[in-house]
1. Give the peptides 229-241, 326-338, 250-262 in descending order of average Cβ contacts within 10 Å, highest first.
2. In what sequence do S211, S300, S148 fall when counting other Cβ within 10 Å, fewest first?
3. Would you list which lysines come within 17 Å of K154, measuring only between C-alpha atoms, while excluding same-chain residues fewer than 8 positions from it?
4. Round to the nearest 10 and give me the degree value, 0 to 90, for the angle of helix 379-395's Cα axis relative to the longest principal axis of the chain.
5. For the Cα atoms of the chain, what angle does the longest principal axis make with the long axis of helix 165-177, in degrees from 0 to 90, nearest 10?
6. Could you give me the ³J(HN,Hα) list for region 356-372, computed from phi with Karplus coefficients 6.51, -1.76, 1.60 and θ = phi - 60°, whole Hz, x at Gly and Pro?
7. Kirkwood hydrodynamic radius of region 216-377 from all distinct Cα pairs, in Å?
8. Find the centroid of the Cα atoms in region 7-36 and in region 123-144, then give the distance between the two in whole Å.
Amino acid sequence: MRVLHVTDNYAPATGGLERVVRQLSHELTARGHEAHVATLARPDAPARERDGAVEVHRLSGLTRHLRRFAADPNHLFHPTAPDPVLVRRLRELVERVRPDVVHAHSWMLHSCLSLDFPGALVVSLHDYGLVCAKKTLVHRDELDATCSGPALRKCLGCAAGAYGAVKGVPLALGLAAARFDRVDLFLPINEAMAAASLRGVARDRVRVVPSFVADEVATPGPLPDFAPPGDFILFVGAVGEHKGIGVLAEAHRRMSHRVPVVAIRPPGDTADLPWPVHSGVPHPQIMAAMAAAAVVVVPSRWPEPQGLVAVEALAAGTPVVASRIGGLQELVEDGVTGLLVPPGDPDALAAALDDLLDDPARRARMGEAGRVSARGYFASAVVPSVLAAYESVTAGRSAARPRSAGRGRR
């Protein structure tokens, strides 16, 4: 099978979505399939190159003029409307590659929707970008609760408040006008994502396929020098309020156990925290820290789509204390692989952490259960599901259109 992945960003850009698309591309080629990636052109990478067996095509369009609006210069963004120049270059690439499946992963989808090609169009939902201009499903700054859903006036004000009117209003208007009739199959990463983003879409156009990690992810590297002896709590992620870092700091102050917190953040993040924060830590050392920790904490205050940090912690055999919000509540089985607490509640978070620190035997049982649960998120379990999804839509391409699900949004 020949697959063309379409994504706003690809290596050298770094992030969870970029890592998933790259891993999926390499997993497909390892199984004898042909994988190409179409992504936005960037000044620090060639227009075309091979990433192992994966052919990477970086395409330039009018979106290059939007770079100054990107919050992170390392991550470019496609608007919520087709880029006519990019559409033309995508069409040329599709004619040259002739993919059986075009698999879109981000807002570059909006240029794919203008293409007419014989292959199937599959869309992964890694975030809430089909219905939310901020991709977070957080209305204004109302953390700890999930937005009730899109409504034009509400979305215009929320997006303008987040980005400013020049960027926010066009993004919200583009989403409101978008139609997804051309999409053959949506692949949300969990049921929470499907419920929030695909209201009114026929169920035969939806198949839940989670994000995945490499099978060998649980193989740790050397323990970082900064890991303390004895029990400690580990936080891995952006040190922002949406990730619950302030709630964790307050919960730590209220705990009866005086164990240290170790925080590992991505490069570039800054925060004033009561404990040391480490960045630039190689992933094998992060996994070693997870395996050594008493508990990994994921106190997110926004509806985290999935939370690969939690998957990796389970794979490492460490129980997870996470917020009962978004995809985390599907990932962590309360009382079995960890504990779920209300988002934004430092008392509940402190109590859950204390409970697990009180009971090493319970932590060990949860850790073993977590290792079993994590296998469902390994590449060996998930990639066959992706291939089965591809086969289902390519086999059904002779079925007549148009779609009855209309906009595929509400």
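Every read-out reported here was derived from the displayed coordinates using simple, explicitly stated rules and does not represent laboratory data. The structure presented is a predicted model; accordingly, all values stated were derived computationally and were not measured. No Cβ is skipped: glycine too gets one built from the backbone with ideal geometry, and neighbour counts run over all protein chains shown.
1. Final packing ranking: 326-338, 229-241, 250-262.
2. S148, S211, S300
3. List returned: K134, K135, K167.
4. Taking Cα atoms only, the helix is inclined about 20 degrees.
5. Helix 165-177 sits roughly 70 degrees off the main axis of the chain.
6. 6, 5, 5, 9, x, 5, 5, 4, 5, 5, 5, x, 5, 5, x, 4, 5
7. Mean inverse Cα-Cα distance, inverted, gives 15.2 Å.
8. 23
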